[in-house]
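This report refers to the structure that appears directly beneath it.
The values are calculated or read from the model by the stated rules, or taken from the named source; none is laboratory data. Everything numeric in this text was worked out from a predicted model, so none of it was measured. Every residue, glycine among them, receives a Cβ derived from its backbone with ideal geometry; neighbour counts consider all protein chains shown. Heavy atoms of the whole protein, side chains included, go into the accessibility calculation; ligands, DNA and RNA do not. Shrake-Rupley method; radii C 1.70, N 1.55, O 1.52, S 1.80 Å.
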Amino acid sequence: MNNKAKGALAFLLILVLTAGFCFLGIHGANDIKLGLDLNGGVSITYQAEKENPTAEQMSDTVYKLQLKAQGYSTEAQVYQEGSNRVNIDIPGATDANAILAELGEPGTLQFADSTGKVYLTGDDVKTATAGMTDDNGTKKYIIELQFKDEGAKKFEEATGANIGKPLYIIYNDNVISAPTVQDKISGGQASITGIQDYEEATRIASTIRIGALPLKLTELRSNVIGATLGQEAISTSLKAGAIGLGLVMLFMIAVYLLPGFAASIALLMYVGLELVLLQAFEVTLTLPGIAGIILSVGMAVDANVIIFTRIKEEIGLGNTVEDSIKAGFAKALSAILDGNITTLIAAAVLYLRGSGSVKGFATTLAIGIVLSLITALFVTRSIMWAFLQLGATDKKLYGVRKDIKTIDFIKFRKIAYVISACVILAGFGFMASNKATIGNLFNYDLDFQGGSSTNVTFNEDMSLEEIDSKVKPIFNDVTGGNASVQASKVAGTNEVIIKTRTLSTEERTKLYKDLADTFKVDEAKVTTENISGAVSVEMKKDAVWAFIIAIFCMLIYIWIRFKDIKFASASVLALTHDVFVTIAFYAALKWAVGSTFIACILTIVGYSINATIVVFDRIRENLADPAKRGDRARCVNEAISQTLTRSINTSLTTFISVLCLYILGVSSIRDFTLPLMVGIVSGAWSSITIAGPLWYDLSAWAEKRRAAKKEAEKAAKKAVKAAKAAK
């Protein structure tokens, strides 16, 4: 078989695989689990049997139920309703009775022996997670237990007294597991083996995690609720995604010619694989999840842009097309791996430490990163090889990068610092203004600060689109229009649940009258309860800690890879800059701060760190050149100038994707994409004007410190000599 035949066969095989993955992905798209915002689910309300529970008891109950509910979906929402009720919304579910049967009535958890002696309760358990091990090719399912300090002592006593006997784990007087004790266990960690399948392990671990609730609850009501965004949001998002993808592909082909065409095919395969894996891993997709996909698409394009820029440079140096392609992939590898691995570390930490929408974001981001690496480094390369075998060796098909004009970014760095500082300081000024006018630093959404939930039974069935156009304006009129209004339907009824900011008694009276006048509803069938935020204090803490740990892990990785803590420090400072700039816009424009705010900030973090590492990779390469090593300013200026086209093109392609969502999306999606666009622009600005100059200044400062230290040591030695001479 000659080379042309090999190339044709390889190209045909890639096209078939791409078409196959796209077909499977689109054909099974209906099987992707969607969150409450996109598809609705089951809503269950519990009421505490205790007449006047304390705020602490209710808060603890909400948090523990959140852990339990996440066994069904990471996107499940749990929030307090009124003074003694807890509401649980589980996305994607349709059978409320089945959920109720599985969820059960929250009660007590105990660890006891066969005589009935209780050694521990749920309060002694720190966490319980399902896992899987490989024993000589055989999969075994386990539950990893971790106890609190006092619980560890009790567990050691329990296992020591029951070696060879079962230790019963009892939930609401029912034995959920009875593992046989193999040995006395100290240290507060243990594993339960002999589990039948992963589903059973997940169910038991979830039940153990919930522990003993401080309150006994009874089921008050359950409903199947519709999506909060509606079918229109899904269809417009898909349309926007398709248009954005098409525009990105056209851009890549126009700018990078034949390599751009190869990248477009690889990008189609990426999309197909993404859809297939979302189904395979049963990921619950919500707006934050879509953010993770947008970021990973941007990174998939970015990897190709880095490679193609290198190929153009090599062709510009006079190398053959084949040698240029080999060198382009080889030289781009370190920047691509460092950028993707750094973001993957962040995704892993966010998944392990985060909860709710943070987990959903981390899952889609991690899947996307792995796929972007595969498609860029293997699929695009295979297509390029196939083109070469088919005779595509004309340099005009690949483009030639001409001499790069070096811009003196170091000279203008202080101006860039001042501009960024002014934006950030203005943000703090707007926060202070918001505190004085609206009582909070930001315009907190219902997810963060809670509000009022109003149930209205209309005389006719209304679509969510009709509710948006006819009902929401009445609520906006009552609330002043300065806060979000979320609506969802109760399936099979004319009942609609509408959540707003907390309504006063006067506002409720006006609302009921307006609804009765406009829709002739029975005011007696309109009820309003105050609800807590779906993002609990604990979830906020989890998100903050996940963010801090992710930043720390990225800093360590960059420090190790670049062998210079100044690179790591500069990257984290540039990343922090992007977060503060975005937050400044949130404060200035009073954008709603809710659960999507967390996903937006995380998206910007992942995007920013990747762009910065590309610049740092060039600085590192320039420093390795003996002719440039002694001139740090030259190394930085050339590195930024060499990557300037890449920075602009990658930002532009990602911006195009988000802009399409903004233009075609419903209002909730626009509220989400607008801050993302600010973050993309801020990330491009910091990677071009802030990150490299920061490394330069940190290096200069470190050099001055070393010089000052040497001078001090010399002075000390002279003083010692002078003292000896005087004697």
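Can you tell me which residue is most open to solvent (accessible area, probe 1.4 Å) among those in the stretch 570-608 that are under 22 Å from residue 340 (Cβ atoms), within 17 Å of the chain's Cα centre (by Cα) and not hydrophobic (A, V, I, L, M, F, W, C)? Of everything passing the filter in the stretch 570-608, 576 is most open to solvent (accessible area, probe 1.4 Å). Take residue 629 and decide whether it is open to solvent by 40 Å² or more (accessible area, probe 1.4 Å), free of Cβ contacts under 8 Å to residues at least 12 places away in the same chain and under 21 Å from residue 407 (Cα atoms). Yes, satisfied. Scanning the stretch 274-289 for residues that are open to solvent by 30 Å² or more (accessible area, probe 1.4 Å) and either modelled with pLDDT under 70 or assigned to a helix (DSSP H, G or I) (or both) returns 275, 276, 277, 279, 280.
Considering the stretch 504-535, the residues that are surrounded by 20 or more Cβ atoms within 10 Å (Cβ to Cβ) and part of a loop (DSSP other than H, G, I, E, B) include one that is modelled with the highest pLDDT, namely 532.
Checking each residue in the stretch 64-90 for being closer than 21 Å to residue 451 by Cα and modelled with pLDDT under 75 picks out only 75. Taking the conditions (1) exposed (fewer than 12 other Cβ atoms within 10 Å of the Cβ); (2) over 17 Å from residue 578 (Cα atoms) in turn, residue 445 satisfies each one other than (1).
Would you mention how many residues in the stretch 409-431 are open to solvent by 60 Å² or more (accessible area, probe 1.4 Å) and farther than 19 Å from residue 570 by Cα? The total comes to 4. When the stretch 118-152 is filtered for residues that are open to solvent by 70 Å² or more (accessible area, probe 1.4 Å) and either modelled with pLDDT under 80 or under 16 Å from residue 167 (Cα atoms) (or both), the ones remaining, listed by number, are 123, 134, 136, 138, 139, 144. Looking at 670, 634, 618, just one residue is out of contact with any strand residue (DSSP E or B) (no Cβ under 6 Å at 6 or more places or on another chain), open to solvent by 60 Å² or more (accessible area, probe 1.4 Å) and under 24 Å from residue 568 (Cα atoms), and that residue is 634.
A quick yes/no check of all residues on (1) under 30 Å from residue 401 (Cα atoms); (2) touching a Ser or Thr at 6+ places or on another chain (Cβ under 9 Å); (3) not charged (D, E, K, R):
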{"residue": "583", "(1), (2), (3)": "no, no, yes"}
{"residue": "601", "(1), (2), (3)": "no, yes, yes"}
{"residue": "619", "(1), (2), (3)": "yes, no, yes"}
{"residue": "640", "(1), (2), (3)": "yes, yes, yes"}
{"residue": "653", "(1), (2), (3)": "yes, no, yes"}
{"residue": "659", "(1), (2), (3)": "yes, yes, yes"}
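In the set (1) open to solvent by 10 Å² or more (accessible area, probe 1.4 Å); (2) modelled with pLDDT under 90; (3) β-branched (Val, Ile, Thr), residue 253 fails one condition alone, (2).
Scanning the stretch 381-397 turns up one or more residues that are touching a residue at least 40 places away in the same chain (Cβ under 8 Å), open to solvent by 60 Å² or more (accessible area, probe 1.4 Å) and acidic (Asp, Glu).
I'd like to check something: does the stretch 323-331 contain any residue that is acidic (Asp, Glu), out of contact with any Leu (no Cβ under 6 Å at 6 or more places or on another chain), assigned to a helix (DSSP H, G or I) and touching a residue at least 40 places away in the same chain (Cβ under 8 Å)? Walk me through it before giving the result.
First pass over the stretch 323-331, keeping only residues acidic (Asp, Glu): 323.
Subsequent filtering for residues that are out of contact with any Leu (no Cβ under 6 Å at 6 or more places or on another chain) retains 323.
Those left that are additionally assigned to a helix (DSSP H, G or I): 323.
From what is left, the residues that are touching a residue at least 40 places away in the same chain (Cβ under 8 Å) are none.
Taking every residue of the stretch 323-331 in turn, none turns out to be acidic (Asp, Glu), out of contact with any Leu (no Cβ under 6 Å at 6 or more places or on another chain), assigned to a helix (DSSP H, G or I) and touching a residue at least 40 places away in the same chain (Cβ under 8 Å).
Taken over the stretch 16-29, the residue count meeting the criterion of being open to solvent by 70 Å² or more (accessible area, probe 1.4 Å) and among the aliphatic types (A, V, I, L, M) is 4.
Considering the stretch 448-464, the residues that are open to solvent by less than 20 Å² (accessible area, probe 1.4 Å) and either closer than 26 Å to residue 687 by Cβ or of a type in the set (A, V, I, L, M, F, W, C) (or both) include one that is nearest to the chain's Cα centre (by Cα), namely 464. Looking at this structure, is residue 176 hydrophobic (A, V, I, L, M, F, W, C) and either touching a residue at least 40 places away in the same chain (Cβ under 8 Å) or on the phi > 0 side of the Ramachandran plot (or both)? Taking the combined requirement at face value, the residue does not satisfy it. Identify the residue in the stretch 652-665 that is open to solvent by less than 20 Å² (accessible area, probe 1.4 Å) and among the hydrophobic types (A, V, I, L, M, F, W, C) and, among all such residues, is farthest from residue 240 (Cα to Cα). Applying the filter and picking the extreme gives 658. Please go through the stretch 463-504 and pick out each residue that is farther than 19 Å from residue 438 by Cα and out of contact with any strand residue (DSSP E or B) (no Cβ under 8 Å at 6 or more places or on another chain). 463, 465, 466, 469, 470, 473, 474 - these are the residues of the stretch 463-504 that are farther than 19 Å from residue 438 by Cα and out of contact with any strand residue (DSSP E or B) (no Cβ under 8 Å at 6 or more places or on another chain). Checked against the criterion of being in a helix (DSSP H, G or I), open to solvent by less than 40 Å² (accessible area, probe 1.4 Å) and more than 18 Å from residue 307 (Cα to Cα), the stretch 641-651 has no qualifying residue. Between 547, 552, the distinction of being touching a residue at least 60 places away in the same chain (Cβ under 8 Å) and in a helix (DSSP H, G or I) belongs to 547 only. When restricted to residues that are assigned to a strand (DSSP E or B) and open to solvent by less than 80 Å² (accessible area, probe 1.4 Å), the stretch 153-173 contains 5.
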